[in-house]
Amino acid sequence: MTITIYGIKSCSTMKKAFNKLDELGVEYTFHDYKKQGIDKETVQRWVNELGIEKVLNKRGTTWRKLTDEQKSEADASVDAAIALLAENTSMIKRPIVEGQLEDKDQPILLCGFNEAEFDKVFS
């Protein structure tokens, strides 16, 4: 399996992640939510592994533009939050990096950009 980085091309955090992976010599494919979308099953898998608090970005403008009713539903139900994430991919924290390196046994699933974590996982 290879490494896939999920996100939005124009995001500044994504650019940092791309640069870091390039610097570390990690080959990856890019999945652009804006062009390719994302299915609920993939979002569900991420939430199962990382938790909704980690995957759902409540700091962005997309979350702030939701109605109070939508926010309440997402807060009350993980399933409702996952449905919102699949529809509004800008609310997924970026980047999500998933896959497995050939020389490592453990699969990789990272959410958000942390340079030290990237160094540790990919060095």
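A short reminder: the numbers here are calculations on the coordinates, not readings from a lab. Since we're looking at a predicted model, the values are computed, not measured. Every residue, glycine as well, gets a Cβ built from its backbone with ideal geometry; the counts of neighbours run over all protein chains shown.
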| query | Arranged from highest to lowest average of other beta-carbon atoms within 10 Å per residue, in what order do the peptides 87-97, 113-123 appear? | reply | 87-97, 113-123
| remark: Residue span residue 32 to residue 57: 0.36 nm per residue of separation minus Cα-Cα distance leaves a gain in nm of 7.3 nm
| said: Just to be sure I understand the model, the point goes 7 Å from the Cα along the line to the Cβ. What's the resulting residue 13 to residue 105 distance in nm? | reply: 3.2 nm
| In the structure displayed, which of 16/93; 9/104; 9/54; 16/65; 58/93; 16/40 lie more than 18 Å apart, Cα to Cα? | 9/104; 9/54; 16/65; 16/40
| task | Calculate the spin-label point distance for residue 68 paired with residue 4, positioning each point 7 Å from the Cα along the beta-carbon direction, and give it in nanometres. | result | 3.9 nm
| query | With each run of n ≥ 4 DSSP H residues scored as -39500 (n - 2.57), what mean residue ellipticity at 222 nm is computed for the chain after dividing by its residue count and rounding to the nearest 500 deg cm²/dmol? | reply | -13500 deg cm²/dmol
